[in-house]
Amino acid sequence: MELDLHGDEMHPQQPGIDIHTPHSVHYPQFLPDMTEQTDYDTITWPVQLTSKVHRSLYSFLEPTNPTLSAVGKTILITGVSGGIGRAIAEAWTIAGAKGIVITGRKMEVLREVAQKMENIAQGKTKIVVTATDVTSEDDIERLWAKAKQELERIDVLINNAGSLTQAMIGENEPSKWWQDFEVNVKGVYLNVHHFLAQAPEPHGTIITISTGSLCDTYPNFSSYTPSKLAQTRFMEFLHAEQSQIRTFSVFPGLVATNMLPKKYWNFALDDPMLTGGLTLFLSTPRAEWMRGGMVSVNWDYEEMEEHKEEILDKGLIKLAFCNAEFGKGGHPWATQKSG
């Protein structure tokens with residue numbers, strides 16, 4: 001199964017869908033047979049924090065919204081070859097970013113994306129294009145050297161490149177199984193490392209495109225889901241260790257791609273530009289209270305602001321260890337042993 005949540009994703013073995021959910025939500029062990037579903041929100045409801053669900057771009061996240069202006073900001077985006085990566089790049093261009101570095105594995109695709117960005121920018125945004133393998137330390141070092149040469153400093157890093165490899169455990173070559181960790185964990189770490197190295201006291205925003213299926217067990221996802229879980233936990237460590245950096249993990253929803261079987265297309269309703277708009281919002285002071293957390297394109301952020309205190313007090317946008325209540329005396333069992 002595959003969803004274009006990572007733009008420049010490594011191709012999985014089978015086409016299909018991917019789903020995204022926050023902490024401590026439990027799904028059935030197997031994905032539902034969508035051919036028998038009539039509710040278009042079957043996949044979304046189990047991952048939905050707010051009562052209002054967003055699937056299409058709306059004014060709050062519209063890149064032309066003056067409150068989301070990116071004027072003066074410089075951005076580096078990985079995985080720009082696919083739908084969501086393109087949408088992110090276009091959103092930041094529309095919002096008037098000072099400079100944008102786009103990268104991916106396919107230079108011919110990157111040139112196409114850059115041309116569209118140039119048409120939007122009309123000379124107002126400097127666009128830097130470079131082909132990069134996010135798992136290569138040498139490539140990433142060259143990428144950041146070029147970013148420094150062209151833009152001096154990057155204000156916002158968006159880790160969008162990702163890998164989804166599918167096979168039952170034991171049915172795939174170990175190197176192919178490990179590929180998801182190489183891209184989803186090492187690739188993110190390498191870019192974060194160079195982002196932090198820009199200045200003795202680094203500052204700015206780092207956004208990583210995650211997945212909502214972090215805490216569930218699906219057959220064929222034994223490399224993908226654990227790698228994304230490690231990635232998201234890494235972002236929480238980054239938040240804890242580098243308090244001056246604003247960090248976020250984004251669930252991009254269900255987006256249709258050419259690899260998605262036609263029988264699933266009716267359920268892939270989420271506009272990739274939602275992710276673009278959300279990354280803009282997350283770079284603004286208004287999103288400051290959510291830093292270090294996981295957020296979804298489907299959620300309503302005005303509704304969340306109304307419940308800000310509860311979200312923070314209960315850690316509703318943080319990874320949960322498990323549902324047990326650990327502590328002195330142990331978990332309060334529902335059934336106590338008599339005598």
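Here is how the numbers come out for the structure above:
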quantity	calculated
Test: residue in region 267-282 that is in contact with a Pro (Cβ under 8 Å, 6 or more places away or on another chain), outside any strand (DSSP E or B) and within 30 Å of PRO174 (Cβ to Cβ)	no
Counted residues, region 180-210 - those being touching a helix residue (DSSP H, G or I) at 6+ places or on another chain (Cβ under 9 Å), surrounded by fewer than 24 Cβ atoms within 10 Å (Cβ to Cβ) and more than 21 Å from GLU141 (Cβ to Cβ)	1
Counted residues, region 126-163 - those being within 14 Å of GLU182 (Cβ to Cβ) and outside any loop (DSSP other than H, G, I, E, B)	5
Meets criteria (modelled with pLDDT under 95 and either of a type in the set (Gly, Ala, Ser) or under 22 Å from GLY276 (Cα atoms) (or both)) for GLY170	yes
Residue satisfying condition, being surrounded by 12 or more Cβ atoms within 10 Å (Cβ to Cβ), within 24 Å of ILE158 (Cα to Cα) and at pLDDT below 95, within set VAL255, VAL295	VAL255
Count of region 84-130 residues which are acidic (Asp, Glu) and in contact with a strand residue (DSSP E or B) (Cβ under 8 Å, 6 or more places away or on another chain)	1
Members of region 226-253 that are part of a strand (DSSP E or B) and free of Cβ contacts under 8 Å to residues at least 40 places away in the same chain	none
Among the candidates GLU288, GLU302, GLU309, GLU325, residue that is in contact with a helix residue (DSSP H, G or I) (Cβ under 8 Å, 6 or more places away or on another chain) and loosely packed, with under 13 Cβ neighbours inside 10 Å	GLU302
Any pair with Cβ under 8 angstrom, 6 or more apart, that starts in region 288-299 at a residue that is in contact (Cβ under 8 Å) with a residue 24 or more places away in the chain and closer than 19 Å to HIS203 by Cβ and ends at one that is among the acidic types (Asp, Glu) and surrounded by fewer than 19 Cβ atoms within 10 Å (Cβ to Cβ)	GLY292/GLU236
Selection count, region 94-139, where residues are under 20 Å from the mean Cα position of the chain (by Cα) and among the basic types (Lys, Arg)	1
Some residue of region 159-167 being surrounded by fewer than 13 Cβ atoms within 10 Å (Cβ to Cβ), over 14 Å from ARG86 (Cβ atoms) and among the aliphatic types (A, V, I, L, M)	no
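Yes/no matrix, rows are residues, columns are (1) under 19 Å from the mean Cα position of the chain (by Cα); (2) within 18 Å of TRP92 (Cβ to Cβ):
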position	(1), (2)
LEU269	yes, no
PRO272	yes, yes
VAL297	yes, yes
GLU305	no, no
LEU316	yes, no
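The values are calculated or read from the model by the stated rules, or taken from the named source; none is laboratory data. Computed from a predicted model, the values in this text were never measured in an experiment. Quick reminder, even Gly has a Cβ in these numbers, built from the backbone with ideal geometry, and neighbours come from all protein chains shown.
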